[in-house]
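**Student:** Handing you a structure now.
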Amino acid sequence: MFPYLFTRIPIRSVDRPRDDVKRASTRRSPAVRDVRSATFWGRAPLATLGARPTKQAGAGSMALLRERHLNASTIGATGNAAAALRLLTGLEADCRTRLGDDAWFTLVVRHGVAYWTGVCGRAPRARQQTQDLLDVYRERLDDRDHRALRLLRDDLARWTGETGDARDAALQYTGLHRDTERILGPEASETLLTRHNTAYWTAAHGARAQALAECRALLDDEHRVNGPAHPHTLAVRHNIAGWTEAEGEPRDSLSLFTTLLEDRTAALGHEHPHTLLNAFHVGRLTRHHRNASAGDTRLVELLPLFTRVLGGGHPWTRRLHRELRAGQ
């Protein structure tokens, strides 16, 4: 078993930049522009969540807190999950002190902490953090179709699967996809995302052929709605390549992963975690099905990158170590 690629609705800025404000972008990752130019939460008033802050913060102080949140989310979007988690953990402590535990912005930051905790490989803790937040939001939000609830349900389903309950994760995603399609329509980007993640967890509990067929059908929609370089489109291609191998076609899988690696490097940069995982599969498949020496060289060269970008204890880094030991 090797890691497939899971996708989600991206973490976005708490506040929508004004239309006349141009945000800087970098060549490294288009995800940075996505974080800076869009909003998930919007300018939610305190009453939206039924929360009253126990403490007050001035306008300047709130602007600084929001900017810190934006910067941490941007850093995470470029692939540095550990740094994002560290920054948001510090921000959470400051928000609790300045705004109070129940302030809406504190809850937003807690959600970011939960998400990056999971991305850093601590799924059980992220699952509990997300469940706690979902309970709070369900209590305070009258609108059961609110997008905040969908995002929390998305995360909870993911961490449920990553703590070992793939069947329950697939069931949660099936329900989330049904609700998202009802609210947004069948071709909304978010609806396509829930289709993909439903397929992911369907494969994780054994129905790979079904998931492969679904993702092949989904890919045309992703190209049309999101474009060929969008991270979600690339993630669908990643899982098609992985499940092609699982269904007994490793050479076809290697060809798909090799082409995808070129496109992903161009779109995300060579040190983005998704690019690194892609490169791992190219090295692994090259070793086993084309040229053992060339595959070994690729994998050895990846180890310092995995360790620096993801950390030595990350599940993907540990998987790379196991692959290297198996070839010795």
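**Student:** If you go through segment 293-307 one residue at a time, do you hit one that is crowded, with 19+ Cβ neighbours inside 10 Å, under 23 Å from Thr74 (Cα atoms) and out of contact with any strand residue (DSSP E or B) (no Cβ under 8 Å at 6 or more places or on another chain)? Quick ask: steps written out before the conclusion?
**Tutor:** Pass one, segment 293-307, residues crowded, with 19+ Cβ neighbours inside 10 Å: 295, 299, 302, 306.
Cutting the leftovers down to under 23 Å from Thr74 (Cα atoms) gives us 306.
With the extra rule that they be out of contact with any strand residue (DSSP E or B) (no Cβ under 8 Å at 6 or more places or on another chain), the set shrinks to 306.
Yes: segment 293-307 contains one or more residues that are crowded, with 19+ Cβ neighbours inside 10 Å, under 23 Å from Thr74 (Cα atoms) and out of contact with any strand residue (DSSP E or B) (no Cβ under 8 Å at 6 or more places or on another chain).
**Student:** Something else about it: If you go through segment 114-126, how many residues are touching a Ser or Thr at 6+ places or on another chain (Cβ under 9 Å), surrounded by fewer than 22 Cβ atoms within 10 Å (Cβ to Cβ) and free of Cβ contacts under 8 Å to residues at least 40 places away in the same chain?
**Tutor:** Adding up the residues that qualify gives 2.
**Student:** Quick one: count up the residues across segment 66-78 that are surrounded by fewer than 22 Cβ atoms within 10 Å (Cβ to Cβ) and touching a residue at least 12 places away in the same chain (Cβ under 8 Å).
**Tutor:** First pass over segment 66-78, keeping only residues surrounded by fewer than 22 Cβ atoms within 10 Å (Cβ to Cβ): 66-68, 70-71, 75, 78.
From what's left, touching a residue at least 12 places away in the same chain (Cβ under 8 Å): 66, 68, 70-71, 75, 78.
Counting residues in segment 66-78 that are surrounded by fewer than 22 Cβ atoms within 10 Å (Cβ to Cβ) and touching a residue at least 12 places away in the same chain (Cβ under 8 Å) gives 6.
**Student:** I'm trying to understand the selection: among the residues of segment 248-259, which are among the hydrophobic types (A, V, I, L, M, F, W, C) and open to solvent by 50 Å² or more (accessible area, probe 1.4 Å)? Before you say what the answer is, go through the steps one by one.
**Tutor:** Quick first cut of segment 248-259, residues among the hydrophobic types (A, V, I, L, M, F, W, C) only: 254, 256-257.
The one that is among the hydrophobic types (A, V, I, L, M, F, W, C) and open to solvent by 50 Å² or more (accessible area, probe 1.4 Å): Leu256.
**Student:** Right, next: Condition first: under 19 Å from Val119 (Cα atoms) and either in contact (Cβ under 8 Å) with a residue 60 or more places away in the chain or surrounded by 14 or more Cβ atoms within 10 Å (Cβ to Cβ) (or both). Can you find one or more residues in segment 280-292 that meet it?
**Tutor:** So the first thing to find is which residues in segment 280-292 are under 19 Å from Val119 (Cα atoms), and the list is 280.
Now narrow it down to the ones that are either in contact (Cβ under 8 Å) with a residue 60 or more places away in the chain or surrounded by 14 or more Cβ atoms within 10 Å (Cβ to Cβ) (or both): 280.
Yes; the residues of segment 280-292 include at least one that is under 19 Å from Val119 (Cα atoms) and either in contact (Cβ under 8 Å) with a residue 60 or more places away in the chain or surrounded by 14 or more Cβ atoms within 10 Å (Cβ to Cβ) (or both).
**Student:** Next question. Give the residue, chosen from Glu222, Glu187, Glu245, Glu262, that is surrounded by fewer than 14 Cβ atoms within 10 Å (Cβ to Cβ) and touching a residue at least 24 places away in the same chain (Cβ under 8 Å). Full working, then the answer.
**Tutor:** Numbers: Glu222 fails: surrounded by fewer than 14 Cβ atoms within 10 Å (Cβ to Cβ); Glu245 fails: surrounded by fewer than 14 Cβ atoms within 10 Å (Cβ to Cβ); Glu262 fails: touching a residue at least 24 places away in the same chain (Cβ under 8 Å).
Going through Glu222, Glu187, Glu245, Glu262 in turn, just one is surrounded by fewer than 14 Cβ atoms within 10 Å (Cβ to Cβ) and touching a residue at least 24 places away in the same chain (Cβ under 8 Å): Glu187.
**Student:** Moving on. For segment 111-125, state whether one or more residues are closer than 26 Å to Ala203 by Cα and of a type in the set (D, E, K, R).
**Tutor:** Just the residues of segment 111-125 that are closer than 26 Å to Ala203 by Cα, to begin with: 114-125.
Remaining after also requiring of a type in the set (D, E, K, R): 122, 125.
Yes: segment 111-125 contains one or more residues that are closer than 26 Å to Ala203 by Cα and of a type in the set (D, E, K, R).
Let's see how each residue does on (1) under 20 Å from Leu151 (Cα atoms); (2) among the aromatic types (Phe, Trp, Tyr); (3) modelled with pLDDT under 50:
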| residue | (1), (2), (3) |
| --- | --- |
| Phe40 | yes, yes, yes |
| Gly58 | no, no, no |
| Leu65 | no, no, no |
| Leu70 | yes, no, no |
| Thr74 | yes, no, no |
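**Student:** Condition first: under 19 Å from Ala211 (Cβ atoms) and part of a helix (DSSP H, G or I). Can you find one or more residues in segment 298-314 that meet it? Talk me through it step by step, then tell me what you get.
**Tutor:** Kept after step one, since they are under 19 Å from Ala211 (Cβ atoms), are these residues of segment 298-314: none.
Checked against the condition, which is being under 19 Å from Ala211 (Cβ atoms) and part of a helix (DSSP H, G or I), segment 298-314 yields no hits at all.
**Student:** When segment 80-107 is examined, which residues are found to be surrounded by 22 or more Cβ atoms within 10 Å (Cβ to Cβ), in contact (Cβ under 8 Å) with a residue 40 or more places away in the chain and under 26 Å from Pro231 (Cα atoms)?
**Tutor:** Ala81
**Student:** While we're looking at this one, here's another question. Please go through segment 162-184 and give me each residue that is crowded, with 20+ Cβ neighbours inside 10 Å and of a type in the set (Ser, Thr, Tyr), ordered by number. Steps first, please.
**Tutor:** Just the residues of segment 162-184 that are crowded, with 20+ Cβ neighbours inside 10 Å, to begin with: 162, 169-170, 172-173, 176-177, 180.
Matches in segment 162-184: Tyr173, Thr180.
**Student:** For segment 141-161, give me each residue that is open to solvent by less than 20 Å² (accessible area, probe 1.4 Å) and free of Cβ contacts under 8 Å to residues at least 40 places away in the same chain. Let's see the steps before the verdict.
**Tutor:** Here is the first cut: in segment 141-161, the residues open to solvent by less than 20 Å² (accessible area, probe 1.4 Å) are 141, 148-152, 154-157, 159-161.
Scanning segment 141-161 gives Leu149, Leu156, Thr160.
The values are calculated or read from the model by the stated rules, or taken from the named source; none is laboratory data. No experiment lies behind these values; they were computed from the predicted model shown. Every residue, glycine among them, receives a Cβ derived from its backbone with ideal geometry; neighbour counts consider all protein chains shown. Accessible surface is based on the protein model in full, side chains and every heavy atom, while ligands, DNA and RNA are left aside. Shrake-Rupley method; radii C 1.70, N 1.55, O 1.52, S 1.80 Å.
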